[in-house]
Amino acid sequence: MHILDLDHLVLTVKNLDATIRFYTTVLGMEAVTFGDNRHALVFGDKKINLHPLKSDIQPRAHAPKAGSADLCFRLATPIEEVIAELQQHGITIESGPVRRTGAYSALISVYLRDPDQNLIELSNVITM
């Protein structure tokens, strides 16, 4: 087997509206509705499907829990501008900017929390 790419992932959320508002307003993703009134967030060619915690969507993770994710997004926007935007939205930066190791390169990252307390890492690739 040879995996090519990640198509989508799923976040279990307590408050669908708060999650959509955060990811669209703060992170600039696009909210979409699909299928039988299902909700997702789109950025580039990737998608985050949203499963409300109390929903009966099947199949689903064995033990879904809101706030258990740790996600890293690579950004085109310089990290200094990202920090300024987060401050304008009143978002607390939990850590950073700090140097990290990404999937294929070094990163400079800041960390914050979404409405469910998932850890969100926003990163720029460090080019030498």
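Right, Leu71: under 20 Å from Ile108 (Cα atoms), in contact with a strand residue (DSSP E or B) (Cβ under 6 Å, 6 or more places away or on another chain), in contact (Cβ under 8 Å) with a residue 12 or more places away in the chain and not basic (Lys, Arg) or not? Yes. Do we find that Ser109 is surrounded by 14 or more Cβ atoms within 10 Å (Cβ to Cβ), among the small types (Gly, Ala, Ser) and closer than 26 Å to Lys14 by Cβ in this structure? Against the criterion (surrounded by 14 or more Cβ atoms within 10 Å (Cβ to Cβ), among the small types (Gly, Ala, Ser) and closer than 26 Å to Lys14 by Cβ), Ser109 qualifies. May I ask you to list the residues in segment 71-106 that are buried (at least 16 other Cβ atoms within 10 Å of the Cβ), out of contact with any helix residue (DSSP H, G or I) (no Cβ under 8 Å at 6 or more places or on another chain) and within 18 Å of Arg21 (Cα to Cα)? The one that is buried (at least 16 other Cβ atoms within 10 Å of the Cβ), out of contact with any helix residue (DSSP H, G or I) (no Cβ under 8 Å at 6 or more places or on another chain) and within 18 Å of Arg21 (Cα to Cα): Val82.
Summed over segment 51-73, the residues that are among the charged types (D, E, K, R) and either under 16 Å from Asp116 (Cα atoms) or at pLDDT 90 or above (or both) give a count of 3.
Which one is farthest from the chain's Cα centre (by Cα), of the residues in segment 1-46 that are farther than 18 Å from Pro115 by Cα and among the charged types (D, E, K, R)? Out of the qualifying residues, it is Asp36.
The values are calculated or read from the model by the stated rules, or taken from the named source; none is laboratory data. None of these values were measured; they are calculated from a predicted model. Note: ideal-geometry Cβ built from the backbone for every residue, glycine included; neighbour counts use all protein chains shown.
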